[in-house]
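S.K.: I'd like to ask some things about the structure below.
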2 protein chains.
Amino acid sequence: MASQPSGRTTIAVIAAEAGVSVPTVSKVLNGRPDVSPRTRATVEEVLARHQYRRRGRGPASSGPPLLDLCFHEFDNDWALEIIRGVEAAAAEHGIGVVLSELGGRHRPEQSWLDAVLARRPIGVLLAQSSLSAGQRHQLESRSIPFVVIDTEGELPKDVPTVGSNNWHGGLAATSHLIELGHRRIAMISGPSDVLCSRARVDGYRSAHDNAGVATDPALVRWGDFSVSAGYEHGLALLSLPERPTAIFAGSDLQALGVLRAARERGLEVPRDVSVVGYDNLPLTEWVGPALTTVDQPLQAMSRTATQMLVALARGQEPPLRRVELATELVVRESSAPPAA
Amino acid sequence: MASQPSGRTTIAVIAAEAGVSVPTVSKVLNGRPDVSPRTRATVEEVLARHQYRRRGRGPASSGPPLLDLCFHEFDNDWALEIIRGVEAAAAEHGIGVVLSELGGRHRPEQSWLDAVLARRPIGVLLAQSSLSAGQRHQLESRSIPFVVIDTEGELPKDVPTVGSNNWHGGLAATSHLIELGHRRIAMISGPSDVLCSRARVDGYRSAHDNAGVATDPALVRWGDFSVSAGYEHGLALLSLPERPTAIFAGSDLQALGVLRAARERGLEVPRDVSVVGYDNLPLTEWVGPALTTVDQPLQAMSRTATQMLVALARGQEPPLRRVELATELVVRESSAPPAA
């Protein structure tokens, strides 16, 4: 592990300054529950002020190394693809993967962090979840590195992240529809406060600008990435007096919802309306019609993030701290020229 | 932890009989790599002969307890539902879940077992994977309990298992189709050497017997549970000179493949052919048409298995060692009376 310039601060110095004993500082460092919240806050504050870094992780366990993989939610194939990539890459290094879910929250609670501190994994992978500055510091002071996969928000420049080029994905999908001849293209994106949703919408707008086609703000919708969001926005869009001839969905699940909405409106895809998804989940080639979608290399992303984490855990600086993998349009059956 | 009658055998006795030192026996018990395969085999053999049981798990780690969840393969929503159920139940007990996949093998390799022995989890959950008698004994001698979820084969009576009533699922799905008026019903099941596949086919046959309808052996197919298996068997069945009017698939993924095969043959579901799936995965209500399917309570199964494991780890005997949860038919859009 890298020792920081400030790494010379000893536990004794921290203890003296916090007005507690050395074993108490040690308990706080190891995420032990038997310290009062107030004492703990004081110790964390002193640790942060000194930019304390434990030298070396020090095994909590005589067993094989572990890494923690934390999801804001795993309820769909997107998560499954990430899990598979991490598990395969970790297995190559003999590292066990401990999986947790935050039940839909984007930021873990302290109890999760305490378990991590006590477990002393080689590092932490955060998938669409992120840490507060205080939480990041707790990991840093224990020399536990972390990497964010597909971040949902802006992060300080030195936080290592792996994602994919969402802007280009939005651009490629929309350009494809414009080239087919569509001029009224709706977009259903993810939540407006999530970075990847905004990047995809910007790509959608740029494609219009490039082609000299005006966008209609009424055709851009924000939702979550679920099937039901796609279904509801799809129903609303397909009920507009001047309905779009194509819908670009922010996820394959949303696209499935749009397909259902089209069926209920008696519209045939792609004859009456084209639909493009996002993610290229394994099922998309099997649904009817097979989905045109943007391939997001989820397994490659999670493999890359795992390798970056292993390097950081060895005290190596990875070649890049910000990795963005390429996205690619996959054309299948659900997109076609608009009806004449 | 329960101590067995034979628990009085000490490590010293084992060491003497195996002709090795006490620390060597200890290394073998803890899955340490620095013991020759031959020495190890000798020690395991003596451990087995004495039915040695370590008293108590003894934490390998000062960190929070872990359990190991092992899949033969996690490549679909079936696995995701199991993972979610286990993670949620384990989190309630403050237990971390270590996830591994056997890359399609139904039986883990020794390297996986060594990692488990070294990790000392509170127990092991095996999903559609199983252990050899020797592997079971390795866990038993370390007092690491295990529970099998949805076993793929026959197991000794004392091995704790949680599954669902596959025979009843097969019966209910087929009876539904017979009641709709179908008389030529095909079935695509899973692999013929997997217990649940056979139970579902038996349910299919019993439904026919109950109704006094003859079955045609040419209409019963065995495959794996993938979309492509459903697609290929679906194409073959729908090309028969006297084609079935309904197809009961062994998984929702297979059913998706059958839907695609029907589209390619120009057949409309359910007008020209009814399709019933199995599992009731979250996506089945969204595909077109929404699938009639057999609900397998996957999250409840994995929650039950986790609770059983926690009880065993505490030295408690669970109320039942063989739990089978009820399956239930969910009727949606893909099944209807046959065309007149």
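The values are calculated or read from the model by the stated rules, or taken from the named source; none is laboratory data. Everything quoted here is computed from the prediction, not taken from an experiment. A quick note on method: Cβ atoms are made from the backbone with ideal geometry, for glycine too, and the neighbour counts reach across all protein chains shown.
S.K.: Residues of the stretch A:200-231 being within 14 Å of chain B (Cβ to nearest Cβ), in contact with a strand residue (DSSP E or B) (Cβ under 9 Å, 6 or more places away or on another chain) and in a helix (DSSP H, G or I), which ones? Spell out the reasoning first.
M.R.: Quick first cut of the stretch A:200-231, residues within 14 Å of chain B (Cβ to nearest Cβ) only: A:225-231.
Going one step further and asking which of them are in contact with a strand residue (DSSP E or B) (Cβ under 9 Å, 6 or more places away or on another chain), we end up with A:225, A:229-230.
Passing the criteria: A:229, A:230.
S.K.: So which residues in the stretch A:296-340 are of a type outside the set (A, V, I, L, M), more than 20 Å from residue A:196 (Cα to Cα) and assigned by TED's automatic domain parsing to the domain that holds residue A:158?
M.R.: The first filter runs over the stretch A:296-340 and keeps only residues of a type outside the set (A, V, I, L, M), leaving A:296-297, A:299, A:302-304, A:306-307, A:314-319, A:321-322, A:324, A:327-328, A:332-335, A:337-338.
Going one step further and asking which of them are more than 20 Å from residue A:196 (Cα to Cα), we end up with A:306-307, A:314-319, A:332-335, A:337-338.
A:306, A:307, A:314, A:315, A:316, A:317, A:318, A:319, listed by residue number.
S.K.: Give the residue, chosen from B:327, B:293, B:304, that is of a type in the set (Val, Ile, Thr) and closer than 17 Å to residue B:270 by Cα. Break it down into steps so the answer makes sense when it comes.
M.R.: Details: B:327 fails: closer than 17 Å to residue B:270 by Cα; B:304 fails: closer than 17 Å to residue B:270 by Cα.
Being of a type in the set (Val, Ile, Thr) and closer than 17 Å to residue B:270 by Cα holds for just one of B:327, B:293, B:304, which is B:293.
S.K.: Taking the residues in the stretch A:273-305 that are in a helix (DSSP H, G or I) and of a type in the set (A, V, I, L, M, F, W, C) as candidates, determine which candidate is farthest from residue B:334 (Cα to Cα). Step through it out loud before you land on a result.
M.R.: Residues of the stretch A:273-305 that are in a helix (DSSP H, G or I), as a first pass: A:282-285, A:298-305.
Right, trim to of a type in the set (A, V, I, L, M, F, W, C) and you get A:283, A:298, A:300-301, A:305.
Values: A:283: 18, A:298: 32, A:300: 36, A:301: 37, A:305: 42 Å.
By that ranking, first place goes to A:305.
S.K.: Out of curiosity, is residue B:317 out of contact with any strand residue (DSSP E or B) (no Cβ under 9 Å at 6 or more places or on another chain), away from every other protein chain (no Cβ under 11 Å) and surrounded by fewer than 17 Cβ atoms within 10 Å (Cβ to Cβ)? Step through it out loud before you land on a result.
M.R.: Details: out of contact with any strand residue (DSSP E or B) (no Cβ under 9 Å at 6 or more places or on another chain): yes; away from every other protein chain (no Cβ under 11 Å): yes; surrounded by fewer than 17 Cβ atoms within 10 Å (Cβ to Cβ): yes.
Yes; evaluated as a whole, the condition is true for this residue.
S.K.: Within the stretch A:59-118, can you find the residues that are more than 9 Å from chain B (Cβ to nearest Cβ) and part of a loop (DSSP other than H, G, I, E, B)?
M.R.: A:65, A:72, A:73, A:93, A:95, A:102, A:104, A:105, A:106, A:107, A:108, A:109
S.K.: Does the stretch A:38-46 contain at least one residue that is of a type in the set (A, V, I, L, M) and surrounded by fewer than 18 Cβ atoms within 10 Å (Cβ to Cβ)? Steps first, answer last, please.
M.R.: Looking only at the stretch A:38-46, we keep the residues that are of a type in the set (A, V, I, L, M), and these are A:41, A:43, A:46.
From what is left, the residues that are surrounded by fewer than 18 Cβ atoms within 10 Å (Cβ to Cβ) are A:41.
Looking through the stretch A:38-46, at least one residue is of a type in the set (A, V, I, L, M) and surrounded by fewer than 18 Cβ atoms within 10 Å (Cβ to Cβ).
S.K.: Scan the stretch B:234-252 for residues that are within 14 Å of chain A (Cβ to nearest Cβ) and crowded, with 24+ Cβ neighbours inside 10 Å and report the count.
M.R.: Quick first cut of the stretch B:234-252, residues within 14 Å of chain A (Cβ to nearest Cβ) only: B:234-235, B:249, B:251-252.
From what is left, the residues that are crowded, with 24+ Cβ neighbours inside 10 Å are B:234, B:249, B:251-252.
Summing the residues that are within 14 Å of chain A (Cβ to nearest Cβ) and crowded, with 24+ Cβ neighbours inside 10 Å in the stretch B:234-252 gives 4.
S.K.: For residue B:170, state whether it is closer than 19 Å to residue B:128 by Cβ and either assigned to a helix (DSSP H, G or I) or not hydroxyl-bearing (Ser, Thr, Tyr) (or both). Spell out the reasoning first.
M.R.: Details: closer than 19 Å to residue B:128 by Cβ: yes; either assigned to a helix (DSSP H, G or I) or not hydroxyl-bearing (Ser, Thr, Tyr) (or both): yes.
Here the answer is yes, as residue B:170 does meet what is asked.
S.K.: Taking residue B:255 as meeting all but one of (1) at pLDDT 95 or above; (2) surrounded by fewer than 24 Cβ atoms within 10 Å (Cβ to Cβ); (3) within 23 Å of residue B:166 (Cβ to Cβ), write down the number of the exception.
M.R.: Unmet condition: (2).
S.K.: Of the residues B:93, B:106, which single one is within 21 Å of residue B:159 (Cα to Cα) and surrounded by fewer than 23 Cβ atoms within 10 Å (Cβ to Cβ)? Spell out the reasoning first.
M.R.: Details: B:93 fails: within 21 Å of residue B:159 (Cα to Cα).
Testing whether each residue is within 21 Å of residue B:159 (Cα to Cα) and surrounded by fewer than 23 Cβ atoms within 10 Å (Cβ to Cβ) leaves just B:106.
S.K.: Out of the stretch B:135-147, which residues are over 14 Å from the mean Cα position of the chain (by Cα), under 24 Å from residue B:303 (Cα atoms) and either acidic (Asp, Glu) or more than 14 Å from chain A (Cβ to nearest Cβ) (or both)?
M.R.: B:136, B:139, B:140, B:143, B:145 - these are the residues of the stretch B:135-147 that are over 14 Å from the mean Cα position of the chain (by Cα), under 24 Å from residue B:303 (Cα atoms) and either acidic (Asp, Glu) or more than 14 Å from chain A (Cβ to nearest Cβ) (or both).
S.K.: Still on this model: Could you check residue B:102 against (1) under 30 Å from residue A:79 (Cα atoms); (2) among the hydrophobic types (A, V, I, L, M, F, W, C); (3) touching a residue at least 40 places away in the same chain (Cβ under 8 Å) and say which number it fails?
M.R.: (3)
S.K.: Further, regarding this structure: Filtering the stretch A:135-158 down to residues that are basic (Lys, Arg) and modelled with pLDDT of 90 or more, which residue is surrounded by the most Cβ atoms within 10 Å (Cβ to Cβ)?
M.R.: Restricting attention to the stretch A:135-158, the residues satisfying the condition of being basic (Lys, Arg) are A:136, A:142, A:157.
Going one step further and asking which of them are modelled with pLDDT of 90 or more, we end up with A:136, A:142.
Values: A:136: 16, A:142: 20.
Applying the filter and picking the extreme gives A:142.
S.K.: Take the residues of the stretch B:119-134 that are more than 26 Å from residue B:298 (Cα to Cα) and away from chain A (no Cβ under 13 Å): which is surrounded by the most Cβ atoms within 10 Å (Cβ to Cβ)? Break it down stepwise before answering.
M.R.: Within the stretch B:119-134, the subset more than 26 Å from residue B:298 (Cα to Cα) is B:119-120, B:133-134.
So of that shortlist, the ones also away from chain A (no Cβ under 13 Å) come out as B:133-134.
Details: B:133: 9, B:134: 13.
Going through the qualifying residues, I end up with B:134.
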